[in-house]
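Here's the structure we're looking at; comments come further down.
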Amino acid sequence: MTELVEHGHLFIGGEWTEPLGTDTIRVVSPHTEQVIGSVPHASRADVDRAVAVARKAFDEGPWPRLSLDERIAVVTRIKDAIAVRHEELARSISSQNGSPYSWSVLAQALGAMMVYDSAIKVAADYPYEERRQGALGPILVRREPVGVVAAVIPWNVPQFVAAAKLAPALLTGCSVILKPSPEAPLDSYILADIAREAGLPEGVLSVLPADREVSEYLVGHPGVDKVSFTGSVAAGRRVMEVAARNLTRVTLELGGKSAAVILPDADPAATVAGIVPAAWMNNGQACVAQTRILAPRSRYEEYADAFAAAAGALVVGDPLDPATQLGPLVAQRQQQRSLDYIRIGQEEGAKILTGGGRPAGLERGWYVEPTLFGDVDNSMRIAREEIFGPVVCLIPYGDEEEALRVANDSEFGLSGSVWTADVEHGVDFARRVRTGTFNVNTFSLDMLGPFGGYKNSGLGREFGPEGLSEYLEHKMIHLPAGA
């Protein structure tokens, strides 16, 4: 039985504060369908208060004026505390969104710690100021913090995405208002406690759980200098529209429909072992999931049988059980969405190779079987639209040029992979795929390099020096001749 977790305060500017509104958010377990916690629902007045203290902290406070080493010391304490409390964070996240506990430990909690660690390394070596010889004389180019940041994070990987935004924002000297989703706000209270103990100055961080209406108010607030958003394409378009009224800078990390391309010379056992966790990761609730598997027609039946067997063998159950490989979806609406797409796929003529419904013996909870469709044409909706559930497409292709066309025939461009015996050939293939990240014979996300998408998968980058740059303004200072 999961212990009921109830919070009565909001974290505003580093202090636990009585909310100005009266609404609450009830957090429901996707496994038991029972309430497991509650938090205050931030109001517009709470947003105004958080923006005001963040504005003061940036305009007048010490944080952006500290040395880089001093800011690194604080962020390092946040990172170290996450390492100490990673099991607590993992259990909180799995209880809220259904992520398998083993995955939550590695990707949700320790993954967040790695994000902070990588950002610290990048920040320490970043060129914040440099002299250049301009066309008319010497110039000084400075990179300065952008200001007050609204960081809007999703429910699927809340700590990992929070770290992707908080780490570069804090290291560059920004103040931040973190807006967790209403489905998964409990872990953000642990993070707030960690940040407070780490010694962030007054006003630098606020945490405001809220729904879409209040989020939109935050995004459109004139006191916000930058919005960093992770979520759906539709929500990203709305964020961009609202932020544009104030010409607020935006970074958008949106959806994906990534292709894992198997070339004819790939090793079947290693390929299946590599793609299955990348396709069904986090219950299919991952923007980078490899949800289109492209197999050569000459070996299609072999791969269809292998992937169906591997997906069908995934252990489905209680997300807090360490043996679980696939848990429930975050909400009933997400369960119904996957079931609707399974119906659509069948109506379009695709064939279910494994799964296709609710798992036997799990009548309670928002579960969907790991599902693999075969005989999928890339024009089908199940191959074009982001399902965000454990539903994967196996698409046959003829020659390599057709595989490339199918991989690129998508409104998304976030991730992808190629599997081949010839690594150099795989790299050449990768160069021709229009995505922001790509893998050859592996699936990973390196936090020292840029992450982001082409096309409808977003704007801007996270991680690496490119991600740090998103939180900096560039200033040119003209110097007199001979300076």
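What follows is calculated from the coordinates using simple rules that are stated; it is not laboratory data. Please read these numbers as outputs of a predicted model, since none were measured by experiment. In this analysis, Cβ positions are derived from the backbone assuming ideal geometry, glycine residues included, and neighbour counts consider all displayed protein chains.
Here the Karplus curve 6.51 cos²θ - 1.76 cosθ + 1.60, taken at θ = phi - 60°, turns the phi angles of the stretch 23-34 into couplings of 6, 10, 10, 9, 9, 10, 5, x, 8, 9, 6, 9 Hz, with x standing for Gly and Pro. Projecting label points 7 angstrom from Cα along Cα→Cβ for residue 130 and residue 474 puts them 1.0 nm apart. The longest part of the chain holding none of the exposed loop trypsin sites (Lys or Arg not before Pro), meaning those outside H, G, I, E and B in DSSP with at most 13 other Cβ atoms within 10 Å, is 1-244.
The relative contact order of the chain comes to 19 percent, based on Cα pairs under 8 Å that sit 6 or more residues apart.
Rounded to the nearest Hz, the phi-derived 3J(HN,Hα) couplings of the stretch 385-391 under the Karplus curve 6.51 cos²θ - 1.76 cosθ + 1.60 (θ = phi - 60°) are 9, 6, 8, 6, x, x, 10, where x marks glycine and proline.
Relative contact order of the stretch 392-483: 22 percent, from C-alpha pairs under 8 Å at least 6 residues apart in sequence.
Tell me which DSSP H helices of the chain clear both cut-offs, 20 Å or more of axial length from alpha-carbon atoms and a mean Kyte-Doolittle hydropathy of at least 1.0.
Sorted by number, the helices that extend far enough and score high enough are 158-172.
Simple spin-label estimate for residue 459 and residue 9 gives 3.8 nm between the two label positions (7 Å along the Cα-to-Cβ direction from each Cα).
Dividing the alpha-carbon radius of gyration of the stretch 377-428 by the rule-of-thumb value 2.2 N^0.38 Å gives 1.25. Under 5 Å from the amide H of residue 228 lie the amide H atoms of 150, 151, 152, 251, each residue being 5 or more positions distant or on a separate chain, with H modelled from the backbone and absent for Pro and chain starts.
Distant-in-sequence amide contacts of residue 413, defined by a placed amide H-H separation under 5 Å and a gap of 5 or more residues or a different chain, comprise 257, 454, 456, 457. With R₀ fixed at 22 Å, the C-beta to C-beta distance from residue 385 to residue 237 puts the FRET efficiency at about 0.90. Ordering 119, 345, 474 by Cα displacement along the dipole of the chain toward the positive end leaves 474 in first place; charges were set at the Cβ atoms of Lys, Arg (+1) and Asp, Glu (-1). Here the stretch 259-446 has an Rg and Dmax of 15.6, 48 Å, counting Cα atoms alone. Maximal additional length on extending the residue 265-residue 66 stretch stands at 66.1 nm, based on 0.36 nm per residue less the C-alpha distance.
Remark on the chain: ratio of C-alpha radius of gyration to 2.2 N^0.38 Å is 1.00.
For the chain, the dipole from Cβ point charges (+1 on Lys and Arg, -1 on Asp and Glu) about the Cα centre works out to 1120 debye, to the nearest 20.
Note on residue 305 and residue 24: the model spin-label points, each 7 Å out from Cα along the C-beta direction, lie 5.6 nm apart.
Between amide H atoms placed 1.01 Å from N, distances below 5 Å from residue 5 occur with 37, 38, all of them 5 or more places distant or on a separate chain.
Once the chain from residue 193 to residue 76 is taken as fully extended at 0.36 nm per residue, the excess over their C-alpha distance is 40.6 nm. For the stretch 135-143, 3J(HN,Hα) computed residue by residue from phi via the Karplus equation (6.51, -1.76, 1.60; θ = phi - 60°) reads 5, 10, x, x, 9, 10, 10, 10, 10 Hz, glycine and proline entered as x.
Sorted ascending by nearby beta carbons within 10 Å, beginning with the fewest, 206, 175 become 206, 175.
Rounded to the nearest 0.05, what FRET efficiency is calculated for residue 428 and residue 332 with R0 set to 60 Å and r the Cβ-Cβ distance?
Values: r = 45 Å, r/R0 = 0.75.
After rounding, the FRET efficiency stands at 0.85.
Each of 426, 296, 329 was placed along the dipole of the stretch 259-446 (beta-carbon charges, centred on the mean Cα), and the one lying farthest toward the positive end is 329. Dipole of the chain computed with +1 at Lys/Arg Cβ and -1 at Asp/Glu Cβ about the Cα centre; of 53, 199, 93, farthest Cα towards the positive end is 53.
Shape index of the stretch 351-483: Rg/Rh, with Rg the Cα radius of gyration and Rh the Kirkwood radius from the inverse mean 1/r over Cα pairs, equals 1.14. Within the stretch 330-455, antiparallel bridges make up roughly 50 percent of the DSSP beta bridges whose residues both belong there.
With n ≥ 4 as the cut-off for DSSP H runs, can you work out [θ] at 222 nm for the chain, using -39500 (n - 2.57) per run divided by the number of residues, rounded to the nearest 500? Please list the in-between numbers first.
Numbers: 15 runs with 179 residues, N = 483.
When only DSSP H runs of four or more count, the value is -11500 deg cm²/dmol.
Between the beta carbons of residue 297 and residue 87, assuming R0 = 45 Å, the FRET efficiency works out to 0.45 to the nearest 0.05. Computed about its Cα centre, the charge dipole of the stretch 270-338 is approximately 340 debye, with only Lys, Arg, Asp and Glu carrying charge at their Cβ. Counting only Cβ charges, +1 for Lys and Arg and -1 for Asp and Glu, the dipole size of the stretch 259-446 around its Cα centre is about 620 debye. Among the listed pairs 79/165; 226/257; 79/179; 56/79, those with a Cα-Cα distance over 22 Å are 226/257; 56/79.
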